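These notes are about the structure you will find just below.
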Amino acid sequence: MSTPLPPAAPASPDADVIVVGGGPAGATIATLLARQGRQVLLFEKARHPRFHIGESLLPANVPLLEELGVREQVDTIGMPKWGVEFVSAEHPQPAYIEFADAWDKSQPKAWQVRRAEFDEILLRNAEAAGARVLEQTAVTGASFDAEGVTVETRGEPGPRRWRGRYLVDASGRDALLATQLGWKQRNRRHNSAALFAHFRGARRLPGRREGNISIFWFRHGWFWFIPLADGSTSVGAVCWPEYLKSRRVPLAQFLRDTIAQVPALAQRLEGASLFDDKVWATGNYSYSARRCTGERFMLLGDAHGFIDPVFSSGVYLAMVSAFEGVRVVEAALDQPARYAAECRRFGRVVAHGPRQFSWFIHRMTNPAIRELFMHPANPLRMQEAVLSVLSGDIYGRSPIFPSLWAFKCVYWALSLAMLPRAAQAWWRRRSLVRDHGALPGENVLDAPF
């Protein structure tokens, strides 16, 4: 029998802003709001450090980390990432691209990070800024009235209610408010599953390229290969859900069997062993919420939506939403007449990022995009524009969009030139992108098998 909650909370607030979730989005906005002198109360269901996938950062993360004052700490734990390697069995040689060749030459690198370490740096930074952080405290529900918000929690220090003037939902894939309000919807155009693990003893690229992420295409999707500073390597397959459902052996063996389908990757992992004896899996993880703001709340990062991780955009989009969300909270608390306009502006920003990445994500298995990535060229500065997207430079810092449109026109022309192959790939993808099982939100991404 569950422990009953105490009587309803008094009218006086426990905080100006309640933040649900201590990942990159929640920790970032908690830091920025606490620096303004606001009372910030952050609830995190786990205790940091805790495992999380999504270890690859973008160059556009760097100025955000500098503004938060944690760049040096991230540099200490991170593996320098100067670019990307693409490997295709249909091409004799890999293709290498470097972030230094993007439109903006001032952001040539990012890092690969253990998320347990990275997320803890951001969370402790929020505490140092003055936010009150309660770990191992899960928010189970929220209700709103004319004066503010009441949230219910379980865990430390026991079941109770808390009162705030505004609520920031940064609950990640739990998607607290989107689920509670019925706003959560599957991404009908992208429906993938993933299985992944960490290996020791993997063969890395030589020299400066050692920390680069490698992308391997194969029949059922693509693999990531992410070298980490502690000597381990994150390896994962993103594939059609039907393929993951075909598993008839233990997950570790299934991952090994899948790796064996990619000879170039199998060579890198010859003699390698599982780092922590765990293999992880998740399915149907692409989703979005119909809205990102409400009367006294907002949704940040994965709490609003999650797209395929092929371009490592998750942490960056989460942190951008936090930086942009500060203005929404300021309006709600200080200038209510501006709140509606700030919500509209924030909605445009939140939609823009996934839209730019999704154009490429939806075409990753198309032979035309593979040809263009495997044979990079820069007429009309098209390569620089595409690299800018892959770097996260998508919010107007560089004038990339005319060149980006030129690249898309070349893609469509090439698709027409190889129409039978392109049409076959499109039809196969369309037939495989179907609903499979429940909506994400049960934290299967963080569950070992």
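Could you run through segment 313-339 and say how many residues are of a type in the set (S, T, N, Q) and over 16 Å from Arg115 (Cβ atoms)? Steps first, please.
Initially, segment 313-339 is screened for residues of a type in the set (S, T, N, Q), giving 313, 321, 335.
Remaining after also requiring over 16 Å from Arg115 (Cβ atoms): 321, 335.
Here the count works out to 2.
Which is over 18 Å from the mean Cα position of the chain (by Cα), open to solvent by 30 Å² or more (accessible area, probe 1.4 Å) and at pLDDT below 95, of Ala89, Ala128?
Values: Ala128 fails: at pLDDT below 95.
Going through Ala89, Ala128 in turn, the sole match is Ala89.
Just to be sure before I move on: is Val19 crowded, with 17+ Cβ neighbours inside 10 Å, assigned to a strand (DSSP E or B) and either at pLDDT 95 or above or not aliphatic (A, V, I, L, M) (or both) in the structure I sent?
Considered against the rule, which asks whether it is crowded, with 17+ Cβ neighbours inside 10 Å, assigned to a strand (DSSP E or B) and either at pLDDT 95 or above or not aliphatic (A, V, I, L, M) (or both), Val19 comes out as yes.
Filter segment 330-363 down to residues that are within 17 Å of Phe297 (Cα to Cα), out of contact with any Asp or Glu (no Cβ under 6 Å at 6 or more places or on another chain) and small (Gly, Ala, Ser), then give me how many there are.
Looking only at that region, the number is 5.
Between Ala385, Ala377, Ala351, which is touching a helix residue (DSSP H, G or I) at 6+ places or on another chain (Cβ under 8 Å), surrounded by fewer than 19 Cβ atoms within 10 Å (Cβ to Cβ) and not β-branched (Val, Ile, Thr)?
Ala377
With crowded, with 17+ Cβ neighbours inside 10 Å, among the aliphatic types (A, V, I, L, M) and modelled with pLDDT of 95 or more as the only criterion, which of Ala170, Ala193, Ala175 stands out? Even if it seems obvious, please write down each step before you answer.
On the way: Ala193 fails: modelled with pLDDT of 95 or more; Ala175 fails: modelled with pLDDT of 95 or more.
None of the others qualify; the one that does is Ala170.
Give just the number: which of (1) out of contact with any Ser or Thr (no Cβ under 7 Å at 6 or more places or on another chain); (2) in contact (Cβ under 8 Å) with a residue 40 or more places away in the chain; (3) not polar (S, T, N, Q) does Arg247 not satisfy?
Condition (2) is where Arg247 drops out.
For Leu390, work out the one condition from (1) closer than 22 Å to Met319 by Cα; (2) assigned to a helix (DSSP H, G or I); (3) free of Cβ contacts under 8 Å to residues at least 60 places away in the same chain it doesn't fulfil.
The single condition Leu390 does not satisfy is (3).
Give the residues of segment 306-343 that are open to solvent by less than 30 Å² (accessible area, probe 1.4 Å) and either in contact with a Pro (Cβ under 6 Å, 6 or more places away or on another chain) or not in a helix (DSSP H, G or I) (or both), sorted by residue number.
The answer is Ile307, Asp308, Ser312, Ser313, Val315, Ala318, Met319.
Would you pick out the residues in segment 295-304 that are open to solvent by less than 30 Å² (accessible area, probe 1.4 Å) and either in a loop (DSSP other than H, G, I, E, B) or in contact with a Pro (Cβ under 6 Å, 6 or more places away or on another chain) (or both)? Before you say what the answer is, go through the steps one by one.
Step one: list which residues in segment 295-304 are open to solvent by less than 30 Å² (accessible area, probe 1.4 Å), which gives 297-301, 303.
Once the filter is applied, which keeps residues that are open to solvent by less than 30 Å² (accessible area, probe 1.4 Å) and either in a loop (DSSP other than H, G, I, E, B) or in contact with a Pro (Cβ under 6 Å, 6 or more places away or on another chain) (or both), segment 295-304 yields only Leu300.
Each row is one residue, and each column tells you yes or no for (1) open to solvent by 10 Å² or more (accessible area, probe 1.4 Å); (2) out of contact with any strand residue (DSSP E or B) (no Cβ under 8 Å at 6 or more places or on another chain); (3) at pLDDT below 95; (4) over 30 Å from Pro367 (Cβ atoms).
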residue: Pro94; (1), (2), (3), (4): yes, no, no, no
residue: Lys105; (1), (2), (3), (4): yes, yes, yes, yes
residue: Phe118; (1), (2), (3), (4): no, yes, no, yes
residue: Phe144; (1), (2), (3), (4): yes, no, yes, yes
residue: Gly164; (1), (2), (3), (4): no, no, no, yes
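Within segment 232-241, does at least one residue satisfy the condition of being open to solvent by 10 Å² or more (accessible area, probe 1.4 Å), over 21 Å from Gly301 (Cβ atoms), in a helix (DSSP H, G or I) and in contact with a strand residue (DSSP E or B) (Cβ under 8 Å, 6 or more places away or on another chain)?
First, the residues of segment 232-241 that are open to solvent by 10 Å² or more (accessible area, probe 1.4 Å): 240.
Still in the list and also over 21 Å from Gly301 (Cβ atoms): 240.
Next, from what is left, pick out any that are in a helix (DSSP H, G or I): none.
Scanning segment 232-241, I find no residue that is open to solvent by 10 Å² or more (accessible area, probe 1.4 Å), over 21 Å from Gly301 (Cβ atoms), in a helix (DSSP H, G or I) and in contact with a strand residue (DSSP E or B) (Cβ under 8 Å, 6 or more places away or on another chain), so the answer is no.
Give all pairs with beta carbons closer than 7 Å in which a residue from segment 140-158 that is in a loop (DSSP other than H, G, I, E, B) meets a residue that is open to solvent by 10 Å² or more (accessible area, probe 1.4 Å); count only pairs at least 6 apart in sequence or on separate chains.
Every condition considered, the pairs that remain are Glu147/Ala11; Gly148/Pro13; Gly148/Arg163; Gly148/Arg165; Gly148/Arg296; Glu156/Leu134; Glu156/Gln136.
Being over 17 Å from the mean Cα position of the chain (by Cα) and of a type in the set (Lys, Arg) narrows it down to one residue among Arg154, Arg173, Arg114; which is it? Before the answer, list the steps.
Numbers: Arg173 fails: over 17 Å from the mean Cα position of the chain (by Cα); Arg114 fails: over 17 Å from the mean Cα position of the chain (by Cα).
After ruling out the rest, the residue left standing is Arg154.
Restricting attention to segment 244-258, which residues are open to solvent by 30 Å² or more (accessible area, probe 1.4 Å) and not in a loop (DSSP other than H, G, I, E, B)? So that I can check it myself, show each step before the final result.
Going residue by residue through segment 244-258, those that are open to solvent by 30 Å² or more (accessible area, probe 1.4 Å) are 244-250, 252-253, 256-257.
Result: Leu244, Lys245, Ala252, Gln253, Arg256, Asp257.
Residues in segment 99-115: is at least one in contact (Cβ under 8 Å) with a residue 60 or more places away in the chain and under 30 Å from Ser12 (Cα atoms)?
Taking every residue of segment 99-115 in turn, none turns out to be in contact (Cβ under 8 Å) with a residue 60 or more places away in the chain and under 30 Å from Ser12 (Cα atoms).
Answer yes or no as to whether Leu41 is touching a residue at least 24 places away in the same chain (Cβ under 8 Å) and either assigned to a loop (DSSP other than H, G, I, E, B) or open to solvent by 10 Å² or more (accessible area, probe 1.4 Å) (or both). So that I can check it myself, show each step before the final result.
Numbers: touching a residue at least 24 places away in the same chain (Cβ under 8 Å): yes; either assigned to a loop (DSSP other than H, G, I, E, B) or open to solvent by 10 Å² or more (accessible area, probe 1.4 Å) (or both): no.
Against the criterion (touching a residue at least 24 places away in the same chain (Cβ under 8 Å) and either assigned to a loop (DSSP other than H, G, I, E, B) or open to solvent by 10 Å² or more (accessible area, probe 1.4 Å) (or both)), Leu41 does not qualify.
Looking for whichever is among the hydrophobic types (A, V, I, L, M, F, W, C) and in contact with a helix residue (DSSP H, G or I) (Cβ under 9 Å, 6 or more places away or on another chain) here; the options are Leu134, Leu122. Which one fits? Explain how you work it out, then say what you get.
Details: Leu134 fails: in contact with a helix residue (DSSP H, G or I) (Cβ under 9 Å, 6 or more places away or on another chain).
Criteria check complete, one pass: Leu122.
When you go through Gln261, Gln253, Gln185 one by one, which is the residue that is within 18 Å of Ala89 (Cα to Cα) and of a type in the set (S, T, N, Q)?
Gln261
Restricting the search to segment 413-424, which residues are in contact (Cβ under 8 Å) with a residue 12 or more places away in the chain and open to solvent by 90 Å² or more (accessible area, probe 1.4 Å)?
Result: Arg421, single match.
The values are calculated or read from the model by the stated rules, or taken from the named source; none is laboratory data. What you see is a predicted model, and the numbers here were worked out from it, not measured in a lab. Because the Cβ atoms are built from the backbone with ideal geometry, glycine has one as well, and the counts that use them run over all protein chains shown. Calculation scope for accessible area: heavy atoms of the full protein, side chains included, ligands and nucleic acids excluded. Shrake-Rupley method; radii C 1.70, N 1.55, O 1.52, S 1.80 Å.
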